[in-house]
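The structure under discussion appears below in the form of structure tokens.
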Amino acid sequence: MTLPNHSFTYEAMTTLFEVIIEGVEQEYARQAAGAVFREIDRINDLLNKYDPGSDIGQVNLLKPGESVRVTLEAIECLERAVWAHTVSGGLFDPTLGTGFQWLEIDRANFSIGWKKDGKGEVNLGGIGKGYAIDLAKDILADWDIEKAVINGGTSTVLALGKKWDIGVGGPWGEKVGLTQLKLEDQALSGSGTEVKGDHIVNPKTGKPAQRHLAAWAVHPSAAASDALSTAFMMMPPEKIEVLCRENPEITAFVVKQDKSLIKIGV
């Protein structure tokens, strides 16, 4: 007997998360989804910059030359943000242009701090949701659930265990005919100007991103796709092509200012 899919929703990180689970009884799926949502809350409590008691909140209270011990999760998420900063040429910036050059991460001592020359402010809003989804995947594995979808609002979704038909969504996707992708063990993240307006700020200029109208990134990691979709809003297509060529696991879709769609790495 084929069991139906079970869907559960939960509000966290100022968005609505959804978990779709296939292949198990409803009550077991409900308990597993509850474990996923508790994990998302736990990660939010560590990374929320608006909470002075969180790991990131404590980092932002430091003075130049100071550091603070944090959890492994804060270290890992920030390391992924540093990777995105590197591959995007600085267009993804976990300090939003306030002082990435002064940031210090000491994995061996579980600490994050600032160099003596200055400090900035860490903001993991562009990657934290994806990182939470990656850890939620591990929770499902602990429950022996292989086939599932974890959806973080309208911006990031992770498809696991089989080929899922994932709606790309958003006004720009509809306008350019990009409405659905088949994903398996991959995450898809999207950024655009129509849903939240000019909410993406170029860390190099301090002004709203103006290069593209919308961008999507596919990667096995939800944290990576989350960060890359933001960076793709500001990266020239030729630089995105180089990145995808050097990293075959990355796929990009970009809606240019002339409303044309380009696909890279497909």
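Where a number appears in this text, it was derived from the coordinates with a stated rule and is not lab data. The structure displayed is predicted, hence computed values, not measured ones. All Cβ positions, even for glycine, are placed from backbone atoms using ideal geometry, and neighbour counts span all protein chains on display.
Some values worked out for this structure:
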| read-out | value |
| --- | --- |
| Fraction in percent of alpha-carbon pairs per bin - 5 Å, the chain | 1, 6, 13, 17, 18, 16, 13, 9, 5, 2, 0, 0, 0 |
| Gaussian network model of the chain, Cα within-10 Å springs - most flexible of 186, 101, 58 | 101 |
| Using θ = phi - 60° and Karplus 6.51 cos²θ - 1.76 cosθ + 1.60, couplings along the range 240-257 (whole Hz; Gly, Pro as x) | 5, 4, 4, 4, 5, 5, 7, 10, x, 7, 9, 10, 10, 10, 9, 9, 6, 4 |
| Estimated vicinal HN-Hα couplings, Hz - the range 69-86 in sequence order (Karplus 6.51, -1.76, 1.60; Gly, Pro = x) | 6, 9, 7, 4, 5, 5, 4, 4, 5, 5, 4, 5, 5, 5, 4, 5, 4, 5 |
| Mean-position separation - Cα centroids, the range 81-96 and the range 102-118, in angstrom | 16 Å |
| GNM top mover of 202, 44, 247 - the chain, alpha-carbon springs below 10 Å | 247 |
| Zone of residue 256's modelled label, taken as backbone nitrogen in the range 205-231 under 17 Å from a point 7 Å along Cα→Cβ | 210-216 |
| From phi via Karplus (6.51, -1.76, 1.60), per-residue ³J(HN,Hα) for the range 202-211 in Hz, x at Gly/Pro | 6, x, 7, 10, x, 10, x, 4, 10, 5 |
| About the Cα centre, charge dipole magnitude for the chain (Lys/Arg +1, Asp/Glu -1 at Cβ), debye | 920 debye |
| Mean projection area, nm², convex hull over Cα of the range 50-114 | 4.2 nm² |
| Within a Gaussian network of the chain (alpha carbon springs, distance under 10 Å), most fluctuating of 141, 74, 187 | 141 |
| Distance violations [Cα-Cα > 29 Å] among 162/207; 115/137; 129/207 | 162/207; 115/137 |
